[in-house]
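Values in this text are rule-based calculations from the coordinates and carry no lab data. This is a predicted model, so every value here is computed, not measured. Note that we place each Cβ from the backbone using ideal geometry, even for glycine, and neighbour counts take in every protein chain shown.
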Amino acid sequence: MKNYHDYKECIDACLECAALCNHCASGDTQEKDVNMMARCIQLCMECAAICYASAQLMSLGSSQAKEICFICAQLCDDCYAECSKHNHEHCKECAAACKKCAEACRKMA
């Protein structure tokens, strides 16, 4: 059975991505046209949720780690694509974290 140490690189990428997704969603709410940022906010919240869940399941040594990492990579790709459309610093940081996390999750899946 695999455990935290086997998954550490991916767990770390997921936790960093979740934190930066939350930071981005919060930053988006401070932008002048919040309605324009609605999709970004939604995707960041979804991405943070799946990243936290993925990290948690990997740290537990779940037999479903590969499956959740596959889904996590897909959501990270979606969030990366949306954040890449915006020129805000928090969006740039989030996009970079999403790209890194998607790559780490693909190695798992």
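Numbers below:
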| item | result |
| --- | --- |
| Spacing of the two label points (7 Å from each Cα toward its C-beta) at Leu60 and Asn35, in nm | 4.1 nm |
| Sparse-neighbourhood loop sites, chymotrypsin sites (Phe, Trp or Tyr not before Pro) in the stretch 1-75 - DSSP loop, at most 15 other Cβ within 10 angstrom | none |
| Cut-off of 10 Å, at most 12 other beta carbons, DSSP loop: longest stretch of the chain lacking such trypsin sites (Lys or Arg not before Pro) | 33-84 |
| R0 of 22 Å, Cβ-Cβ distance Met1-Ile71: FRET efficiency to nearest 0.05 | 0.55 |
| Student exercise, the chain dipole from Lys, Arg, Asp, Glu Cβ charges, in Debye to nearest 20 | 260 debye |
| Cα-based Lys pair tally, the stretch 1-98, threshold under 22 Å, eight or more apart or on separate chains | 4 |
| Translational D in µm²/s for the chain (Stokes-Einstein at 10 °C, 1.306 mPa s, Kirkwood Rh from C-alpha pairs) | 118 µm²/s |
| Kyte-Doolittle mean at least 0.0, axial Cα span of 20 Å or more - DSSP H helices of the chain | 38-59, 65-83 |
